[in-house]
Amino acid sequence: MMELGIRGTQSVEVEDSNLACTVGSGDLPVFATPAMIALIEKTASESVIPYLEMGTSTVGTHLDIAHSSATPLGMTVVCETELIEIDRRRLVFKVRVYDKAGDVGSGTHERFIVDARKFMDKAGLKLS
């Protein structure tokens, strides 16, 4: 059963593939904001998988995130999420991202529980 307080933790090493200068979000060799967003979504999404009904998934719908500090190549970035609100199918997570020197980012992330098949069918209609 989905309940408030569900937590997730994921970490990633800053490497060439997730640098701002590689992904195109800037020209400096630091952890990219889009890479941080992907880490946040992965952490939140995976934290609730054990609580979902068969055939459902979650999709990210909103982020309110500050990227407050740069992380250089070679350091590890950690993301922690906590489910702080459940409104029917809407899930809201508090997010904290940090490295060994301190906070890197924080904010909230919203996801919706969807019927995976219906969601993909609707997305596929765009091809028609």
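Check A123, A44, A70 and return the single one that is modelled with pLDDT of 95 or more, exposed (fewer than 14 other Cβ atoms within 10 Å of the Cβ) and of a type in the set (A, V, I, L, M, F, W, C).
A123
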Boolean, E85 is without any contact (Cβ under 8 Å) to a residue 60 or more places away in the chain and not in a helix (DSSP H, G or I): no
Those residues of the stretch 34-62 which are under 23 Å from E15 (Cβ atoms) and without any contact (Cβ under 8 Å) to a residue 60 or more places away in the chain, in sequence order: P34, A35, I37, A38, L39, K42, T43, E46
Only residues that are open to solvent by 10 Å² or more (accessible area, probe 1.4 Å), within 19 Å of I65 (Cβ to Cβ) and among the β-branched types (V, I, T): list them for the stretch 7-41, please. T9, V12, V23, V30, T33, I37
Being of a type in the set (V, I, T), closer than 22 Å to S11 by Cβ and open to solvent by less than 20 Å² (accessible area, probe 1.4 Å) is the filter here; which residues of the stretch 87-120 pass it? V95, V97, V104
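Yes/no matrix, rows are residues, columns are (1) in a strand (DSSP E or B); (2) of a type in the set (S, T, Y):
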{"position": "A44", "(1), (2)": "no, no"}
{"position": "C79", "(1), (2)": "yes, no"}
{"position": "T108", "(1), (2)": "yes, yes"}
{"position": "A123", "(1), (2)": "no, no"}
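The values are calculated or read from the model by the stated rules, or taken from the named source; none is laboratory data. As the structure is a computational prediction, the values presented were derived from the model and not from experiment. Glycine gets a Cβ as well: all are built from the backbone with ideal geometry, and neighbour counts include every protein chain shown. We work out accessible area using only protein heavy atoms, side chains counted, and drop any ligands, DNA or RNA first. Shrake-Rupley method; radii C 1.70, N 1.55, O 1.52, S 1.80 Å.
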